[in-house]
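K.L.:
Could you have a look at this structure, given as structure tokens, before my questions?
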Amino acid sequence: MRRHLLALTATSTAALALAACGTTESASTTAPEKATQQITLTDATGAKITLAGPAQKVVATEWNVVESLVTLGVNPVGVADVKGYKAWDTAAPLKNAPKDIGTRGEPSMDTIAALSPDLIVATNDLPVAAVKQLRKIAPVLELNAADAADQIGRMKQNLDLIARATGTAAAATQANKEFDAKVAEGRKQLADAGLAGRPVAFADAYVVSNQVSVRPYTSGSLIGAVNNAIGLKNAWKVTGDKSYGLGTTDVEGLSGLGDVEFAYIGNASEPSDPFTKDLAKNAAWTTLPFVQQGNVHRLPDGIWMFGGPKSLQAYIDAVIGALKK
């Protein structure tokens, strides 16, 4: 799967600590302020970012950043792989028609420069050389894309930092409060349904040379962290990487899961669904207890597994809905 292979590459990037942020005036509305006071921020690399005021012409090189901007009420002028974002992240739909700046792994410098942005928000998924080029175009706020030690905390901190850069602190506070409320609501729904502590194995898969590789989302993943937060038990015993909390296994490696709920998110834009198509006649898959018991749940399309508060609220509703059927 296109995104999955890109994310797998991204997991090799060592997690960086998000440095303390500078100061700016608080925003009282979701729209960017028009204050003239300079904003000084420190990004994940320790670089100082100085803006003349709240950024309004913002380019985003990664989908979780795009989602954060939309959540904050900021319409990005440039977005990496617009078509892909619209397919994979429907929880925070674009409200404008941003310029497609190329792929998330290799954005077009010329296209970005032509937009004359006053801020570029990137993540450490991009190569250092690419970020260096971007800094020649406009101030770059580089974020840690993920941190298996505290995925939810990282998500909230990234949202808050983007909000400081765009003068939308109030919107960030509201979004994080709504997420926390959804977590509490989800935990109660599962407890009331007698599903608290139910083991869940969330994964995705991709096919290379006719072989299906399965990628477990461990407790260190963003999805795994949310599952734990709402009272589910992560069934994976494999170890995830230090950034995204993603592991690796094959179909035979699923035999040790036992009686679990198996969940995944596909997408109609992808050419195949490994779990329902490529493994349909695979004995190692069809004889698994959760497959035979009908406990394989394809959750709705358009929920971005590496997204922000909006995507994760959609995930909570989806996984609880699937388990309660």
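The values are calculated or read from the model by the stated rules, or taken from the named source; none is laboratory data. Computed from a prediction, not measured in an experiment: that's the story for all the values here. Reconstructed Cβ throughout: ideal geometry from the backbone, glycine too, with neighbour counts over all protein chains shown.
K.L.:
Tell me which residues, restricted to region 142-177, are of a type in the set (Lys, Arg) and out of contact with any helix residue (DSSP H, G or I) (no Cβ under 9 Å at 6 or more places or on another chain).
P.N.:
Of everything in region 142-177, just one residue is of a type in the set (Lys, Arg) and out of contact with any helix residue (DSSP H, G or I) (no Cβ under 9 Å at 6 or more places or on another chain), namely LYS177.
K.L.:
Between a residue in region 35-63 that is buried (at least 21 other Cβ atoms within 10 Å of the Cβ) and any residue that is of a type in the set (Lys, Arg), which pairs come within a Cβ distance under 8 Å, given they are 6 or more apart or on different chains?
P.N.:
ILE39/ARG164; LEU41/LYS48; LEU41/ARG164; PRO54/LYS34; THR61/ARG104; GLU62/ARG104; TRP63/ARG104
K.L.:
Tell me, yes or no, whether region 94-106 has at least one residue that is out of contact with any Gly (no Cβ under 6 Å at 6 or more places or on another chain), aliphatic (A, V, I, L, M), in contact (Cβ under 8 Å) with a residue 60 or more places away in the chain and assigned by TED's automatic domain parsing to the domain that holds ALA172.
P.N.:
No, the conditions are met nowhere in region 94-106.
K.L.:
Name the residues in region 192-209 that are in contact (Cβ under 8 Å) with a residue 60 or more places away in the chain and either surrounded by fewer than 17 Cβ atoms within 10 Å (Cβ to Cβ) or closer than 24 Å to ALA149 by Cβ (or both), would you?
P.N.:
Within region 192-209, ALA193, PRO199, VAL200, ALA201, PHE202, ALA203, ASP204, VAL207 meet the criteria.
K.L.:
Is it the case that region 259-275 has a residue that's surrounded by fewer than 19 Cβ atoms within 10 Å (Cβ to Cβ), free of Cβ contacts under 8 Å to residues at least 60 places away in the same chain, out of contact with any strand residue (DSSP E or B) (no Cβ under 9 Å at 6 or more places or on another chain) and not hydroxyl-bearing (Ser, Thr, Tyr)?
P.N.:
yes
K.L.:
Out of curiosity, is ILE162 surrounded by fewer than 22 Cβ atoms within 10 Å (Cβ to Cβ) and within 30 Å of THR45 (Cβ to Cβ)?
P.N.:
The answer is no for ILE162.
K.L.:
Return only the number of the condition from (1) more than 22 Å from ASN158 (Cα to Cα); (2) not in a loop (DSSP other than H, G, I, E, B) that ALA97 does not satisfy.
P.N.:
Exception for ALA97: condition (2).
K.L.:
Oh, and also: Name the residues in region 284-312 that are in a helix (DSSP H, G or I) and within 16 Å of TYR264 (Cα to Cα), would you?
P.N.:
Scanning region 284-312 gives TRP285, PHE290, VAL291, SER311, LEU312.
K.L.:
Select, from ARG104, ARG135, the only residue that is out of contact with any His (no Cβ under 8 Å at 6 or more places or on another chain) and surrounded by fewer than 17 Cβ atoms within 10 Å (Cβ to Cβ).
P.N.:
ARG135
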